[in-house]
Amino acid sequence: MIFLDSTVLVDYFNGNSTWQVDYLDNTLGNEVVGIGDNVIAEVLQGFRSDGDYRTAKSLLLELPCYDICNKELAVKSAENFRTLRKKGITVRKTINMLVATFCIENGLTLLHNDKDFDSIAEGSSLKVVTKA
């Protein structure tokens, strides 16, 4: 399964042409694609138009959705952050560390457009989709 980060979905809904959006277009319908509850919140809060919001909400709610964080994952995320920091890798956003840890713990491959995740993948077992 491919887990989507909000960065790819924001580009997708904004009509931005990136290799990640192309990958998503080619993957939909051919492979299971999932999202997190936090991803829904991050993506939907950015819509200004009520119509666009309703369309995106309908599409996002059709995807398998996972609750990202609980107490155990929060602690594991902090441990992963500390391990990366000891390796000289600083993750800029806590939510990115939570998403990465969720993917690591559940064996999911992440599709993203955020350099934080590339850094996390360099110093951990996070699997990310790479440009072909």
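For region 64-88, what are the residues that are hydrophobic (A, V, I, L, M, F, W, C) and farther than 14 Å from Leu126 by Cα?
Cys65, Ile68, Cys69, Leu73, Ala74, Val75, Ala78
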Subset of region 107-132 [in contact with a strand residue (DSSP E or B) (Cβ under 8 Å, 6 or more places away or on another chain) and in a helix (DSSP H, G or I)]: Phe117, Asp118, Ala121
Lone unmet requirement of (1) out of contact with any strand residue (DSSP E or B) (no Cβ under 7 Å at 6 or more places or on another chain); (2) surrounded by 16 or more Cβ atoms within 10 Å (Cβ to Cβ); (3) closer than 19 Å to Thr7 by Cβ; (4) modelled with pLDDT of 95 or more for Lys76: (3)
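Inspect all residues belonging to region 40-51 and state whether any of them is closer than 19 Å to Asp11 by Cβ, in contact with a strand residue (DSSP E or B) (Cβ under 7 Å, 6 or more places away or on another chain) and without any contact (Cβ under 8 Å) to a residue 40 or more places away in the chain.
The initial filter retains those residues of region 40-51 that are closer than 19 Å to Asp11 by Cβ, namely 40-49.
From what is left, the residues that are in contact with a strand residue (DSSP E or B) (Cβ under 7 Å, 6 or more places away or on another chain) are 40.
From what is left, the residues that are without any contact (Cβ under 8 Å) to a residue 40 or more places away in the chain are 40.
Yes, some residue in region 40-51 is closer than 19 Å to Asp11 by Cβ, in contact with a strand residue (DSSP E or B) (Cβ under 7 Å, 6 or more places away or on another chain) and without any contact (Cβ under 8 Å) to a residue 40 or more places away in the chain.
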Test: Gly88 is at negative phi, out of contact with any Phe, Trp or Tyr (no Cβ under 9 Å at 6 or more places or on another chain) and modelled with pLDDT of 95 or more: no
Residue among Arg92, Arg85 that alone is closer than 20 Å to Gln20 by Cβ and either touching a strand residue (DSSP E or B) at 6+ places or on another chain (Cβ under 7 Å) or among the charged types (D, E, K, R) (or both): Arg92
Wholly within region 1-99, helices (runs of 4 or more DSSP H) carrying at least 3 residues that are over 21 Å from Lys131 (Cβ atoms) and small (Gly, Ala, Ser): 50-60, 71-86
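The values are calculated or read from the model by the stated rules, or taken from the named source; none is laboratory data. Bear in mind the structure is a predicted one, so any value in this text is a computation, not a measurement. Cβ: placed from backbone, ideal geometry, glycine included. Neighbour counts: every protein chain shown.
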